[in-house]
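Asks: A single structure is presented below for examination.
No lab work stands behind these numbers, since they all come straight from the coordinates. A quick note: this is a predicted structure, and the numbers were derived from the prediction, not measured. Note that we place each Cβ from the backbone using ideal geometry, even for glycine, and neighbour counts take in every protein chain shown.
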Amino acid sequence: MAPSALSEAMTDPFESLEQDHQDVDELFDQFAQMEDDEEGEVDAAKIEIVEMICQKLNLHAQLEEEIVYPELQAVIDQPELIDEAEAEHAAAKELIAQLETMDPSDPEFDSTVELLAQSIRAHVAKEESEIFPMGRESSMDFSRVSASLDARRIELDPEMDDSDDDDEEESSSRSGRAPSGAMGRLAG
Ligand SMILES: [Fe+2]
């Protein structure tokens, strides 16, 4: 793959991860604002949002675990923070796996999403207040890590490649698209 303009323009590898955090936070907010109804429409919308949350979290966790955490572990003063972060990812993945088997009409569905939101928000707060600042002050090769991160992101989510500003197009195609990946079973 040719070097992309993106990796030249954005050499802080933590920026894209923080953007992921913000995207997921907004989705959790959207979910929390949804009301139940009898028409089944809200259930479909809930599935769609939870599917997006879980896909984003799975991708994000994989990028951190494969690329960023090993780099951080090698350079920061408190590498045990990375072990803790990995344990938090594992706990979040268990909640995601539970959600995959649940229906929105399940009485535990909303509370499980809320639990996931709480656990992710605590994890994100630790990353953004402690771990990423240590990384930013470390001797890490930011350009190399950013390039690896960008390339892997496109590999895992090819839609990222040309979806810069097509939010409208993306959301209209998303609703008609068959669910794929980790959350496929949720909508099945
Ligand atoms: Fe993260």
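Asks: Which ³J(HN,Hα) values in Hz, rounded to whole numbers, follow from the phi angles of segment 129-139 under the Karplus curve 6.51 cos²θ - 1.76 cosθ + 1.60, where θ = phi - 60° and Gly and Pro get x?
Replies: Ordered by residue, 3J(HN,Hα) equals 8, 10, 6, 5, x, 5, x, 5, 9, 8, 8 Hz.
Asks: Please list 89-97, 66-74 highest first by mean number of surrounding beta-carbon atoms within 10 Å per residue.
Replies: 66-74, 89-97
Asks: Calculate one ³J(HN,Hα) per residue across segment 148-157 by plugging θ = phi - 60° into the Karplus curve 6.51 cos²θ - 1.76 cosθ + 1.60, and present them in order as whole Hz with x for glycine and proline.
Replies: Taking θ as phi minus 60°, the curve returns 4, 5, 5, 5, 5, 4, 5, 4, 7, 9 Hz for segment 148-157.
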